[in-house]
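The structure appears below as structure tokens.
The values are calculated or read from the model by the stated rules, or taken from the named source; none is laboratory data. The structure displayed is predicted, hence computed values, not measured ones. Here the Cβ positions follow ideal geometry from the backbone for every residue, glycine too, while neighbour counts run over all protein chains shown.
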Amino acid sequence: MTDIGFVRSELVTARPAPVRTTGAIAWAQKNLFATPLDTVLTILGLLFLAWIIPPLYGFFFGNAVGPNGTVEQCRMENAGACWAYIAAEMEFFIYGFYDIPEQWRPNIVFALGAILLVPLLIPKAPFKRTNAVLFIVVYPILSYFLLAGGVFGLKVIPTEKWGGLLVTLIISVIGITLSFPLGVILALGRQSQLPIIKTVCVGFIELIRAVPLITILFMASIMLPLFMPQGMTVDKFLRAIVGVTLFTSAYMAEVVRGGLQAIPRGQYEAASALGLGYWKRMWFIILPQALKHVIPGIVNNFISLFKDTSLVYIVGMKDLLEAVKTKNDTALEWQSANTATTGYIFAAMVFWVFCFGMSRYSMYMERRLNTGYKR
Amino acid sequence: MSQVSETTVEREIDTSQMQVSKTEVAIDVVNMHKWYGDFHVLRDINLRVMKGERIVIAGPSGSGKSTLIRCINRLEEHQEGQIIVNGTELTADLKRIDEVRREVGMVFQHFNLFPHLTILQNLTLAPIWVRGIPKAEAEATAMHYLERVKIPEQANKFPGQLSGGQQQRVAIARSLCMQPRIMLFDEPTSALDPEMVKEVLEVMISLAEEGMTMICVTHEMGFARQVANRVIFMDQGQIIEQNEPEEFFSNPQHERTKLFLSQILH
């Protein structure tokens, strides 16, 4: 028997895996110079970096005018980015035309938002339910009265004066917190077996998705008032928020629907067989799994919404980007070759910081929710 | 028919509590028909299950066995006839359906545990949210049933970390936590490795010993012999033969039954 097959007579004990070749040289050999083609590509890449980095460094740092610089420095030949202009305009970029002595009010709103949002995003932080209620219910009401005024002797500041980052953040935070649940409900409605609910949801989603956001904002601000009864007006700001929210919720609904479809029928059946009714089934069993599958898509929508807020300029609102574009007195005073460019770079950096933050947080959540999955 | 097996649990079955009620009807199916589109899957099914009965449904694949037991807790809708479970007739009335489902446990071929919840959460979810039992009490019950299926140490793991046999035992415990009056088993061992079939059958037999009313769609003929008091044979959506296991296996009446048995029993 022994010559037709190998049979081990005693069991082999497990050994540690062989040591990998480590060290900088080994790494470079493996990743940079493995083949002749790799070597050529590495050299080309290094040449490209050598070509692009010095001028960029010069513009952003080397020749740039620091925050304490003067307009004359910005106007010099070879001057780089004019950070001094950003420093001078900072208030306008953040608050728009919001009355300067009243700027402590948006500051409180910003601070409160951060204080409530950060613990909400940290999974281990306690009092989640209280925290969520404070953030979703109490905070918006408080913020509205604080920003708009008219109560407790606060000066009334009409929404036309709000601007800059304040507007961008208000629209996106409200848009995100409302469009997400609305999207989930639309997705569930689209899967409903009740024909009226299904038709309404499908109609809404298909209509909104087939129209550009600009059109929706335009209709909301110009055409809606035509259909309103005489004398009745809805704030322009509110209309923009509703427009952005509805627009995103239609996209959100389709993303969530993708997640719902990924859930095997057995999960619905097991939940039903235990006697869980529709809403409990969805809340405890289906949605937690479905939403986990589509976190990347959901965050994609949040990021688009955040960037799309810059389209509210169409209806005459001054969001961050519009504030950067506005030629107010300070902007005219600081006019130079690079002023406008620096403004746009600043806006881009602010948008990037927020969007990148959302992206990283979503990746963290994905890893966290990945509980010993498989079946 | 390769999945049919004759696994038996080598021990005497304690029949002291296996009493079939003569008067109390658990499930009554009367002249029931079901169609999938134009396809007539279940044809004129009549089945009365008394409290404490242990019924095994056998038959070739596609004969409507699973569909029949799925109709009993309305995972499938029937179009004609009546299904009365614990005195409640199943109709489109959602409230009644949930009422029936609360009292009828179901175990699936593919376990269908909730992958995002721990074993303990899988077991306590329905008692807490359907029965309104306080969390601590639901957890105590859950641990009791986990001990019964012999895996209390897995309580805080996720389903994905358990073997198939362990998952199926958790699924049985999950149903038991609702303290159902009837248990339905839909091919509970078909997706398991042969080594794990026995541990699941052991749990099912011990349930039978306690007098649970059970309907099992299964290919485990050993189980049928050991605990069933009636074997039902289905073909083409109809019940074509039913008998006590002894008679059913030794003296089948219908030609189709004979063919089926000759193919699976060697």
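Key figures
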| read-out | value |
| --- | --- |
| Residue list for region B:11-39, filter: within 30 Å of B:Glu202 (Cβ to Cβ), surrounded by fewer than 10 Cβ atoms within 10 Å (Cβ to Cβ) and either among the charged types (D, E, K, R) or at pLDDT 90 or above (or both) | B:Arg11, B:Glu12, B:Lys22 |
| Per-region count, region B:75-85, residues more than 14 Å from the chain's Cα centre (by Cα) and within 13 Å of chain A (Cβ to nearest Cβ) | 3 |
| Matching residues in region A:300-337 - criterion: being among the basic types (Lys, Arg) and modelled with pLDDT of 85 or more | A:Lys307 |
| Residues that are in contact with a strand residue (DSSP E or B) (Cβ under 7 Å, 6 or more places away or on another chain) and without any contact (Cβ under 8 Å) to a residue 60 or more places away in the chain, drawn from region A:51-94 | A:Val65, A:Gln73 |
| Unique match (being more than 14 Å from every other protein chain (Cβ to nearest Cβ) and on the phi > 0 side of the Ramachandran plot) among A:Gly316, A:Gly343 | A:Gly316 |
| Checking B:Lys22 against (1) over 15 Å from B:Ile215 (Cα atoms); (2) away from chain A (no Cβ under 14 Å); (3) touching a Lys or Arg at 6+ places or on another chain (Cβ under 6 Å), the condition it does not meet | (3) |
| Residue identified as in contact with a helix residue (DSSP H, G or I) (Cβ under 9 Å, 6 or more places away or on another chain), within 13 Å of another protein chain (Cβ to nearest Cβ) and outside any helix (DSSP H, G or I) among B:Gln167, B:Gln179 | B:Gln179 |
| Any helices (runs of 4 or more DSSP H) falling wholly within region A:215-289 and containing at least 3 residues that are within 14 Å of another protein chain (Cβ to nearest Cβ) | A:265-273 |
| Checking A:Val242 against (1) in contact (Cβ under 8 Å) with a residue 12 or more places away in the chain; (2) under 23 Å from the mean Cα position of the chain (by Cα); (3) within 18 Å of A:Asn370 (Cα to Cα), the condition it does not meet | (3) |
| Region A:338-375, residues that are modelled with pLDDT under 85 and either among the small types (Gly, Ala, Ser) or touching a His at 6+ places or on another chain (Cβ under 7 Å) (or both) | A:Ala340, A:Thr371, A:Gly372 |
| Residue in region A:208-222 that is closer than 24 Å to A:Asp308 by Cβ, buried (at least 16 other Cβ atoms within 10 Å of the Cβ) and among the basic types (Lys, Arg) present | no |
| Selection from region B:129-141 of residues that are more than 10 Å from every other protein chain (Cβ to nearest Cβ) and within 20 Å of A:Trp283 (Cβ to Cβ) | B:Gly132, B:Ile133, B:Pro134, B:Lys135, B:Ala138 |
| Cβ-Cβ under 8 Å pairs, at least 6 apart or on other chains, region B:126-143 side of a type in the set (Phe, Trp, Tyr), far side crowded, with 19+ Cβ neighbours inside 10 Å | B:Trp129/A:Leu276; B:Trp129/A:Phe284 |
| Where B:Lys157 falls short, out of the listed (1) in a loop (DSSP other than H, G, I, E, B); (2) more than 14 Å from chain A (Cβ to nearest Cβ) | (2) |
| Tabulated pairs, region B:196-220, first at positive phi, second surrounded by fewer than 19 Cβ atoms within 10 Å (Cβ to Cβ), C-beta under 7 angstrom, 6+ apart or interchain | B:Gly211/B:Gln17; B:Gly211/B:Met18; B:Gly211/B:Gln19 |
| Residues located in region B:35-74, provided they are aliphatic (A, V, I, L, M) and within 13 Å of chain A (Cβ to nearest Cβ) | B:Ile69, B:Ile72 |
| Some residue of region B:144-152 being within 13 Å of chain A (Cβ to nearest Cβ), surrounded by 19 or more Cβ atoms within 10 Å (Cβ to Cβ) and not charged (D, E, K, R) | no |
| The lone exception for B:Gly105 - which of (1) within 8 Å of chain A (Cβ to nearest Cβ); (2) out of contact with any helix residue (DSSP H, G or I) (no Cβ under 7 Å at 6 or more places or on another chain); (3) not hydroxyl-bearing (Ser, Thr, Tyr) it fails | (2) |
| Among residues of region B:86-102, those that are in contact (Cβ under 8 Å) with a residue 60 or more places away in the chain and either at the interface with chain A (Cβ under 8 Å from one of its Cβ atoms) or touching a Phe, Trp or Tyr at 6+ places or on another chain (Cβ under 7 Å) (or both), counted | 1 |
| Check on B:Asn122, at the interface with chain A (Cβ under 8 Å from one of its Cβ atoms), farther than 21 Å from B:Leu47 by Cα, surrounded by 19 or more Cβ atoms within 10 Å (Cβ to Cβ) and at pLDDT 90 or above | no |
| Residue check for A:Asn301: crowded, with 19+ Cβ neighbours inside 10 Å and more than 14 Å from chain B (Cβ to nearest Cβ) | yes |
| Leading residue by the ranking (surrounded by the most Cβ atoms within 10 Å (Cβ to Cβ)) among those in region A:12-42 that are among the hydroxyl-bearing types (Ser, Thr, Tyr) and modelled with pLDDT of 85 or more | A:Thr42 |
| Residue that is within 14 Å of chain B (Cβ to nearest Cβ) and surrounded by fewer than 15 Cβ atoms within 10 Å (Cβ to Cβ), where the choices are A:Arg360, A:Arg368 | A:Arg368 |
| Residues being under 16 Å from A:Ala253 (Cβ atoms) and crowded, with 22+ Cβ neighbours inside 10 Å - total across region A:263-285 | 0 |
| Residues within region A:128-173 that are more than 30 Å from A:Ile86 (Cβ to Cβ), at pLDDT 85 or above and either in contact with a Gly (Cβ under 9 Å, 6 or more places away or on another chain) or not in a helix (DSSP H, G or I) (or both), tallied | 1 |
